Every structure is written in structure tokens, then in C-alpha cells.
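Below: one structure, written as C-alpha cells.
Each reported figure results from applying straightforward, stated rules to the coordinates on display, with no laboratory input. Since the model is a prediction, treat every value here as computed from it, not as a measurement. Every residue, glycine as well, gets a Cβ built from its backbone with ideal geometry; the counts of neighbours run over all protein chains shown.
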Amino acid sequence: MDINTITRESTTEIRKSCSDFKNQNECARQVKHNLLAVTDILKCGRVDASRPCSARNGDTCWLLHNLRPWNDILHLVDLEVKEECPGKVILRSIDIEILMNFSTNSIIRAALAVYLLLKNHCCIERLDLVNDAVSRKYPFLLSRGLYFNRGLRHLKVSSAPVPEMFGDDLASAVKRMPTLESLEIREVKLSRNAAGAIAEMMQKNPHLKKVAFMQNDMTELGTLVLLRSLTFCRALETLCIDDSCLDVRGAETLSRLLSTNDTVRELSVKYIANLDDDLFMSIVRPLKVNATLQKIEFSGGLLSINAIAFLAKVLKQNKSLRFLHVIDCNIRHHHANTLSDILEDNRTLLELHLQGNNLRDKGAEALVRGIERNNSLRVLQLDSNKFGPRGIRLIANALTKNRTLQNLVLGHFDCESEDQSRLLTHTLHTTNVLDRMQLSYDESGFVELVRSLRTTKYQTTEVNVDASLDLESERLQELFRVLRTLECLETVIVEAHAFIDDATAARVSKFLAVCQTVKRFHLNTTSAEITAFPILVRGLKRNNSVEHLELEYRAEDGHSALAFFDLLKENSKIGYFSYLKTNSQYLSMLPAEMDTNYTLTTLKVYEEVGFKRPLLDVYEKLRRNVSLVNRALKQRRRQRLKQRQKPKQKQTQH
């Protein structure tokens, strides 16, 4: 590696995009100083920064066995490099709760490490930089590394605030990546030339499956150029142009793409500033002939009754769409009859999301017919539609006549008086539908939810208690007493605020020990006693189903910390855990306690000053587990493939 060449090449460009240095000479000194520091850190780990990738002809690159020195540098700005699947490397941002302030030296060293990794290693197949510390401060190093890389299959990058010329440099690099399978660019300034360069790559790329351009500083012409190029993509499955500038020509181009393409499965067109009837109808028109699109999302716009009527018309001819979102689009009560027609006539939609509109009670009255007669929809989301008690009662009564709708979401409702609450509670008591309806208004509503779950005749798979409620401990105990009786429960989300004492923790623990079907468990423990956490762990240690666990676990004393360590040793199912709140003493002990745990791949920790070094050791264990889990999955797939091939071989022999 020629340090002088890299220093000379980098200094001018860094100076243009970063104001941390007073002049050119100081910038050159800092670049050279930090580049030497990077090479020294790598040498301490017996790594030669200039050694090329050895992933040729199916061989495994030497980098896979030498990731720790690189992570010593990257981790200081919440980046990491790890094995994503056997033999394949990912360079990504670490998902953290609290963004810390990074030092100038840490950022430039990480940027240099990213540059060296991308330039020299074709085994890096995925770059995921949601954390924009590198792209915002030193965009030249990132774009230069991408320019030389020939192995990337998946690129995801964002940069805010937008550095000058980064979009052009990024586009020049992307243009040289004909093997990309997914591309996501967010919050980047893309000029007409930059959009053209990216469009040229996409037009020639036969592998591109996923494309997303979101919140970019790009003109309507730039969006048009990109969409035109995508009409040539024959592998495209997912397209997202959220928060982009779109005019009539762009909408017509998108319409032509959907009319002629038979591979696109998902389309997201959210937060288009000028989404009106013309644009909306242009985009949904291809649903008449498109037989592959399964999901389409709109959010934000001003739609008239003509647009909704047109949607109903094209949906009558469509047999592929399964998920439809029309959110925050100013849909009012006079649209509701048309929406009801859609519910009554359509037999393929599984989910319809209409939250954030303005249906009110008149709209609810019109929707009753559609809800009663629909027999295919599984999820209907209607929260934030300004329903009153009357509208909610009408919808609840309609749900009694529908036997297929499993989740009707109405969200939170503020009762203006005790009479309103009493009337609503009476309706929910007589209809007994809260086992299939997400609605929160006060404690009496929660009581009805528990009663409905106790008497439900449906196979309830999800229970969700809204964060707007404040519950007594006894109420929470009653809920978990009932949840124990549900045989098909897979998801439990209790975001309501409640004081969790030892007795409540014991009830939750007993539920976890007995219920072996729940895969996702979320409990608000912000007001739990410190002694409650070891009690919760007792149930988790006996649970063999929970894979995704969300609760604020406070390992701040010896008893709760030891209980958490025991959980890591004895539970072999949990793969995701958030959040752990602890101190530096117990955090430094955590890596050793994780030695025998091979299933935990995500652990989120509330980060404090001084946590970086012990967290690096924790993430090393998590990276090890990701590699092991992916290798095990690959081995399982191979075994299944062999088992499928055996009967075919026997038939061939006969």
C-alpha cells in the first residue's frame, strides 16, 4: 500500500467536503497520520492492509479469519464487518439506540478502513451504511472505494446533510457495478448526470431485483430518467420511490413499467409531494393487466372520490394484489361507499391499510356493508380516522358477521365522558369482538379485551395492548393468566405502562414457562422493580419458543446481572434481545458469559460513555453466532435438497 499516493489522492477531495481542517497542509498531515495509525492497528492484528482478496474460484478469503483488527477501527463509529453467510462478507452500520459523538480521528480512520476494504476485497457482497458518519464527512473515500470494487451485490447508502458532489461520485462508482442485485440510495443529492449514470447501469443490469430511491434531492426529470431505465429490467421484484419528485411523465413511465413487467412484486410510492388523482390513476391503471404485483403502498396525498372509484374498477379485474396501503390520502366519508364496494367485491386482498384518513362515523356506517360481506381480508387497519363512539360501535357490530377478518385495527380512542366509555364498553361486551380488534380507550376497555380473549372461539395468534394505557398490576396479571389458555398465540406485545412487582413478574414468568408457541414477546418494563427481572428470567429459561424478545432489562446489580448471564447460558432459542441496561462492570463480564451461547445474533445495549471497548468484545460474539447460524441454515437447506432429490432418483431408476 502506497501511503503517499493515498494521502495525496485523498487530501484535496477531503478538503472540499470536510471543514474539520484549517488548510490543505493540515489535512494532508491528518490523513497521513491516521492512515499510518490504521496500518499500525492492522499490523498489531497481523494483517497487511494492502493484501488483495483471496476469494477466487470458490476459495474463502483470508479476511474472514482476520475481521477483528478491522472491527477495532470500525466499531468506534458504529460500523462493523462480518460474515453474513458462508464465505460472504457484509460491511454495515450497527443498529444502536443512541447515536454518540464520534471524534474526528475515529471517523477518518473508519473511512480509510472502509476505503481499503472496498478497494481490495471482492468478497464483500453487501454494503449497508445507514449510519452516514463516513459518507457525510469523507464521501470521497467511500465513493473511491466503491469505484474499485467488483464484488458488491447489495448497496445501501445514505448521507445527510448532503455533501457536494457526493451524488456524482457515487453514481460514477455505481455505473461500474453491473452485478448489483439491490440498490438503495437515501438522502443524497442526485444531479441529472448522476441519475443518468445510475440509469445506464440499471438498464444494462440483468440481475437487479430491488431498487429504492428515498428522500433524495433529485428533480422530477431525474426520477423520470431512473424509471425509464427500469422498464428494461427483467429481474426487478421490489421498487420504492418514497419521498421523490414525480410528475405526470414519471407516473406514466411507472405505469408502462407495471404494464409490461411480469416480475415486480412490491411497489412503494409514499410521500410523493404532489400525489393527486392523475398520478394515482396512472400508477394503479396497470392493475387491470398486471398479474404479478402483490403489494402497493401509497401514503400522503389528496385523492378525490374519482380516484377511489377508479381504484375499485381496476381491482375488479386484478387477481394478484394481496396488500394495499392508501394512508394519509385525505379519504373522507363520501369515499366510504366505494371502499365498501372494494371490500364486498374483492376476493384476493389479504390486508387493507387505510389509517390516517378522515372517514369519521359516516364513513364507518358506509363500511359496515363491506366488512360484513367480505370473506378474504385478514387485516383491516382503520386507526386515526376520527371515529366517534357511534362509528366504533357500528364497526364492532359488523365484525360479528365476519368470520375471516382476524385483525381490525382502530387504535386509541379518547372517551370524552364516562357515559361514552360506558356505552362503548356495553357494545364491546355484547359483541365480544375485542379478541380480533385492536382498540384502546380506558381500563374498562382493557377488561373487555381480557374477557373477550377468555371466551374467544378463534385461533388468536396476536395480542397487542396499546402504549396509551396505564394499567394496575392486577390487570396485567389477569391478562397473562388468560394468555396461558391460548393455544396458538405467536405474538404478545404489551406496551401499556404498568408497575411490575414481584407478583406480576411471577405471573408473566409462569406464562413464559408454559406457553411454547410465542415467537415474539414485547413487555414494557420501564417501571419494573429491580427484583422482578430475575423472576422473569426463570420463565424465559424454561421457554423454548421465544425468538424475538423486547424488554428493558436492567442488569444493574449482581442478582439481576447473574440472572441475565444464566439466561444466556441456558436459553438456546432467543436470537434477538433489546434492550440491556447495565454498567461498565457487568458489561465487561458479558463477553465471557456469552461463550457457550450460539443463538443470540442481536443484542441491543443502552450505550454510555466508556462502553465502546467492552461492546466490541460483545459484538465479536454476536458476529461469531451470525456466522454459525447461517452455516447451520445452509447445511439444513442442503440436507432438505438431498432428501427431495432421492425420490426423483428412485423414480428415474424404475
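Once you list every other residue whose beta carbon is under 10 Å from the beta carbon of residue 519, what net charge do they have if Lys and Arg are +1 and Asp and Glu are -1?
0
Tell me the label-point distance for the pair residue 474, residue 160, using the 7 Å Cα-to-Cβ offset, in nm and rounded to one decimal.
A separation of 4.8 nm, rounded to one decimal place.
How much length is gained if the chain between residue 302 and residue 513 is pulled fully straight, taking 0.36 nm per residue apart and subtracting their Cα-Cα distance, in nm to one decimal?
70.9 nm
Report the label-to-label distance for residue 203 and residue 221 in nanometres (one decimal), using points 7 Å from each Cα along the Cα→Cβ vector.
So the two model labels end up 1.6 nm from each other.
Please work out the Cα convex hull volume for region 335-458 and give it in Å³ per residue.
Spread over its residues, the Cα hull of region 335-458 gives 82 Å³ apiece.
Let's test the formula: R0 of 25 Å, r as the Cβ-Cβ distance of residue 632 and residue 323. What FRET efficiency results, to the nearest 0.05?
On the way: r = 31 Å, r/R0 = 1.26.
Efficiency, rounded to the nearest 0.05: 0.20.
What FRET efficiency, computed as 1/(1 + (r/R0)^6) with R0 = 22 Å and r the Cβ-Cβ distance, is obtained for residue 179 and residue 54, rounded to the nearest 0.05?
0.70
Using 0.36 nm times the number of residues separating residue 235 and residue 101, minus their current alpha carbon distance, what extension gain do you get?
Working it through step by step, the gained length comes to 44.1 nm.
Return the whole-Å distance between the Cα centroid of region 541-586 and the Cα centroid of region 105-172.
Going from one Cα centre to the other spans 35 Å.
Please report the spacing between the Cα centers of region 595-617 and region 412-488 in Å, no decimals.
Rounded to whole Å, the Cα centres lie 37 Å apart.
When the Kirkwood radius is taken over all Cα pairs of region 230-340, what Stokes-Einstein diffusion coefficient follows at 10 °C and 1.306 mPa s, in µm²/s?
114 µm²/s
Taking a ≥ b ≥ c as the square roots of the eigenvalues of the Cα gyration tensor of region 501-654, is the shape rounded (a/c under 1.5), prolate (a/b larger than b/c) or oblate? Mind showing how you got there, number by number?
Working: a/c = 3.33, a/b = 1.73, b/c = 1.93.
In terms of gyration-tensor shape, oblate.
Summing +1 for each Lys or Arg and -1 for each Asp or Glu, what net charge is found among the other residues whose Cβ lies under 14 Å from the Cβ of residue 71?
That works out to +3.
Tell me whether region 321-372 comes out rounded, prolate or oblate; compute the Cα gyration tensor, take square roots of the eigenvalues as a ≥ b ≥ c, and use a/c under 1.5 as the rounded threshold.
In terms of gyration-tensor shape, oblate.
In nanometres, what is the gap between the two model label sites at residue 585 and residue 153, each 7 Å from Cα along Cα-to-Cβ?
Inter-label distance under the simple model: 4.7 nm.
Residue 192 to residue 316: extension gain in nm, 0.36 nm per residue of separation minus the Cα-Cα distance?
Between residue 192 and residue 316, full extension yields 40.7 nm more.
About the Cα centre of the chain, how large is the charge dipole given +1 on each Lys and Arg Cβ and -1 on each Asp and Glu Cβ? Please answer in debye to the nearest 20.
On the way: 92 positive and 80 negative charges, 740 e Å.
Computed charge dipole of the chain: roughly 3560 debye.
So if I restrict to the alpha-carbon atoms in region 185-265, what is the Rg, and what is Dmax, the biggest pairwise distance, in Å?
Every Cα atom of region 185-265 included, Rg and Dmax give 11.5, 31 Å.
How many percent of DSSP beta bridges within region 335-458 run antiparallel, rounded to 5? Kindly include the intermediate steps, with their values, before the conclusion.
On the way: 0 of 10 bridges.
Looking only at bridges with both residues in region 335-458, the antiparallel portion is about 0 percent.
Residue by residue through region 205-212, which ³J(HN,Hα) values in whole Hz follow from phi under the Karplus form 6.51 cos²θ - 1.76 cosθ + 1.60 (θ = phi - 60°), with glycine and proline marked x?
8, x, 10, 5, 10, 9, 9, 9
Expressed as a whole number of Å, what is the distance separating the alpha-carbon centroids of region 18-87 and region 210-284?
38 Å
What net charge do the residues around residue 622 carry, taking every other residue with its C-beta under 11 Å from that of residue 622, with Lys and Arg at +1 and Asp and Glu at -1?
On the way: positive: 82, 604, 621, 623, 624; negative: 80, 617, 620.
Net charge in that neighbourhood comes out at +2.
Angle check, please: helix 3-17 long axis (alpha carbons) against the longest principal axis of the chain (alpha carbons), in degrees 0 to 90, nearest 10.
That works out to roughly 50 degrees.
Give the calculated FRET efficiency between residue 248 and residue 344 to the nearest 0.05, with a Förster radius of 25 Å applied to their Cβ-Cβ distance. Intermediate values should be presented prior to the final figure.
Values: r = 32 Å, r/R0 = 1.29.
Efficiency for this residue pair is about 0.20.
Set the bar at 18 Å for Cα to Cα. Now go through 569/621; 119/189; 88/569; 82/573 and name every pair that lies beyond it.
119/189; 88/569; 82/573
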